[in-house]
Amino acid sequence: MKISAESLGSSLFRQDYQLRYAYVSGAMVKGIASCELVIAMSKAGFLAFYGTGGQKHDVIEQSIINIQNSLGRNQTFGMNLLCDLAQPEMEMKNIDLFLEYGVRNIEASAYMQITPALVKFRLSGLVSDNSPTVVAKNRILAKVSRPEVARQFLNPAPEEIVQALLDGNHISEEEAAQSRYIPIASDICVESDSAGHTDMGVSSILLPSIISLRDQLQTDLSPRLKTRVGAGGGIGTPESAASTFMLGADFITTGSINQCSVEAGTSDVVKEMLSEIDVQDTEYAPAGDMFELGAKIQVMKKKVFFPARANRLYDLWKHHEGLHSLDLKTQRQIQDKFFGRSFNEVYDETRKYYLQSFPDEIEKAEKNPRAKMALVFRWYFIHTMRLALKGDETRKVSFQVHSGPAMGAFNQWVAGTELGNWENRHVDQIAEKIMYDTASLLQKRFQLFTSE
């Protein structure tokens, strides 16, 4: 039995996306998963998603144009769609943009429920080919970390959403009629403990559980329409990739290791810092976009104060009624050390932004000191990410850099080789090395188990 890099994972996954390898480079916000990254991966036969999170509409549009102009007809790419419960109209606006430019693949991130925008994208262009098979032009790869969310993506679109889209002339009668025969997700990426937002799941438990759920829910579907189940989170070496494929993954998804590549859209300073971390050099901190909910992100902690300071801000918010109730020493520490500016300056900046898009939040903050405190503290999370993206060396200790232990494991693996220097790390070469070394490792293990 010969195991090759090209044979790992699902053949249908590779065929549908016209890929050489069952390997996905996941999106990273604010264009860290950049045009250059997507283009390099696509040309090498991998699937990559552009990071639209936190990007303006015109930037996303120009990015689509740049990518499409750089790729051939049979080279596949995708765009990320980040759930935005606060502004569902923006989600639909992005979907309309994707449909206008013929984007056929999206990566749905941070969804807890199916939205009209997702359904519209999946059903657009849906037809029957005069056989029991439905032809879906648009594919959704959904990142999930909970079985109850996976269940929604493994089922057809909710009838009430389909009817509402039909009534609003967003889809046709045929598209609505055929919707009951296909699942919302063409693919699911089971996200274990990972960089950024994480539920701290364990891959060896989550992945088999969701594969089993898929098999239970889709017994009557043809292989072509069944949802493929892959996995991401913690994959940075051949050993981690091999274990994931052995658990039954149809594809693997990498994230952290791609941020430390030449093509990643972050600063060289961040890349240098990431190239020096080990497996223990990450920590959990509050997520700025879900600050009040207590959601967690995983970030780099080596040589930075961000995780400690972020956790400190969350604890203060939990136990105080507002900025006025903080003692003077704490107020000075936050303003001088954490923020580098006064609470009033931070609130003025925040107020100007929120009045344009979320005026209700400002009205709430003006009446509720604790809500105002949350807004001021949330500014810090935006600020620290901007500092990292710009590579402001004078504020390195404040950098917020999303990363998981896979980054440290990768650094260990390539130490002493050409890839030890991040300036030699091209994202497509990283992916090829992982896939070929994974195939070699599995071949050796298979021979060991089958030898007498």
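The values are calculated or read from the model by the stated rules, or taken from the named source; none is laboratory data. Owing to the predicted nature of the structure, the values given are computational and were not obtained by experimental measurement. Neighbour counts are summed over all protein chains in view; Cβ atoms, including those assigned to glycine, are modelled from backbone coordinates with ideal geometry.
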Exercise for the section: Say whether the condition of being in contact (Cβ under 8 Å) with a residue 12 or more places away in the chain, in contact with a Phe, Trp or Tyr (Cβ under 6 Å, 6 or more places away or on another chain) and at negative phi is met by at least one residue in the stretch 94-102. Expected result: yes
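So, in the stretch 60-85, of the ones that are among the aliphatic types (A, V, I, L, M) and at pLDDT 90 or above, which residue ends up surrounded by the fewest Cβ atoms within 10 Å (Cβ to Cβ)? Steps first, answer last, please.
Of the stretch 60-85, the ones among the aliphatic types (A, V, I, L, M) are 60, 64-65, 67, 71, 79, 81-82, 85.
Applying the additional criterion that residues be at pLDDT 90 or above yields 60, 64-65, 67, 71, 79, 81.
Values: I60: 21, I64: 21, I65: 12, I67: 23, L71: 15, M79: 25, L81: 27.
Among those that are among the aliphatic types (A, V, I, L, M) and at pLDDT 90 or above, it is I65.
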Problem - The one condition in (1) touching a Ser or Thr at 6+ places or on another chain (Cβ under 7 Å); (2) touching a residue at least 24 places away in the same chain (Cβ under 8 Å); (3) not assigned by TED's automatic domain parsing to the domain that holds D193 that E283 fails to fulfil - result: (1)
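Here are some residues: Y17, Y23, Y50. Which one is in contact (Cβ under 8 Å) with a residue 24 or more places away in the chain, of a type in the set (F, W, Y), out of contact with any Lys or Arg (no Cβ under 9 Å at 6 or more places or on another chain) and within 14 Å of V103 (Cβ to Cβ)?
Numbers: Y17 fails: out of contact with any Lys or Arg (no Cβ under 9 Å at 6 or more places or on another chain); Y23 fails: within 14 Å of V103 (Cβ to Cβ).
None of the other options fit; the residue is Y50.
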Practice task
Please find, within the stretch 157-189, the residue that is surrounded by the fewest Cβ atoms within 10 Å (Cβ to Cβ) out of those that are touching a Ser or Thr at 6+ places or on another chain (Cβ under 7 Å) and more than 15 Å from S124 (Cβ to Cβ).
Solution key: P183
Problem - Pairs, first closer than 21 Å to M90 by Cβ in the stretch 339-367, second surrounded by 14 or more Cβ atoms within 10 Å (Cβ to Cβ) and among the aromatic types (F, W, Y), C-beta under 8 Å, six or more apart - result: T350/W379; E361/Y354; I362/Y354
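Does L355 qualify as being in contact with a helix residue (DSSP H, G or I) (Cβ under 6 Å, 6 or more places away or on another chain), among the aliphatic types (A, V, I, L, M), modelled with pLDDT under 90 and not assigned by TED's automatic domain parsing to the domain that holds N258?
Yes: the conditions hold for L355.
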Handout entry: Neighbours by Cβ (under 6 Å, 6+ apart or cross-chain): first from the stretch 172-192, over 27 Å from V24 (Cα atoms); second surrounded by fewer than 22 Cβ atoms within 10 Å (Cβ to Cβ) and β-branched (V, I, T)
Key = Q178/V134
Handout entry: Residue satisfying all of: in the stretch 373-421; among the hydrophobic types (A, V, I, L, M, F, W, C) and not in a helix (DSSP H, G or I); farthest from R351 (Cα to Cα) among these
Key = A415
Completion exercise
Considering the stretch 191-200, residues that are touching a Ser or Thr at 6+ places or on another chain (Cβ under 7 Å) and surrounded by 20 or more Cβ atoms within 10 Å (Cβ to Cβ), and then whichever is modelled with the highest pLDDT, we arrive at E191
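State yes or no: is E89 part of a strand (DSSP E or B) and acidic (D, E)?
Details: part of a strand (DSSP E or B): no; acidic (D, E): yes.
It is false that E89 is part of a strand (DSSP E or B) and acidic (D, E).
Based on this model, can you work out whether S209 counts as surrounded by 20 or more Cβ atoms within 10 Å (Cβ to Cβ), out of contact with any Gly (no Cβ under 9 Å at 6 or more places or on another chain) and outside any loop (DSSP other than H, G, I, E, B)?
Details: surrounded by 20 or more Cβ atoms within 10 Å (Cβ to Cβ): no; out of contact with any Gly (no Cβ under 9 Å at 6 or more places or on another chain): yes; outside any loop (DSSP other than H, G, I, E, B): yes.
No: the conditions fail for S209.
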Exercise for the section: Tell me, please, whether a residue that is buried (at least 18 other Cβ atoms within 10 Å of the Cβ), aliphatic (A, V, I, L, M) and out of contact with any helix residue (DSSP H, G or I) (no Cβ under 7 Å at 6 or more places or on another chain) can be found in the stretch 117-127. Expected result: yes
Handout entry: Single residue of the stretch 46-59 satisfying the filter (touching a Leu at 6+ places or on another chain (Cβ under 7 Å) and modelled with pLDDT of 95 or more) that is surrounded by the fewest Cβ atoms within 10 Å (Cβ to Cβ)
Key = F46
Handout entry: Elements of type helices (runs of 4 or more DSSP H) in the stretch 273-362, at least 3 residues being charged (D, E, K, R), in contact with a strand residue (DSSP E or B) (Cβ under 7 Å, 6 or more places away or on another chain) and under 24 Å from E393 (Cβ atoms)
Key = none
Practice task
Could you tell me which of the residues V38, V103, V59 is more than 17 Å from the chain's Cα centre (by Cα) and within 24 Å of R386 (Cβ to Cβ)?
Solution key: V59
Fill in the blank from the handout: Note on the stretch 382-393: residues hydrophobic (A, V, I, L, M, F, W, C), in contact (Cβ under 8 Å) with a residue 40 or more places away in the chain and either closer than 13 Å to T266 by Cα or crowded, with 21+ Cβ neighbours inside 10 Å (or both) are M385, A388, L389
Exercise for the section: Working only within the stretch 20-78, note down all residues that are of a type in the set (A, V, I, L, M) and assigned to a strand (DSSP E or B). Expected result: V24, L47, A48
Practice task
Find all pairs meeting these conditions: Cβ atoms under 8 angstrom apart; at least six residues apart or on different chains; first residue within the stretch 302-320 and closer than 19 Å to V270 by Cα; second residue in a helix (DSSP H, G or I) and of a type in the set (F, W, Y).
Solution key: R309/F338; R309/Y380; A310/Y380; A310/F381
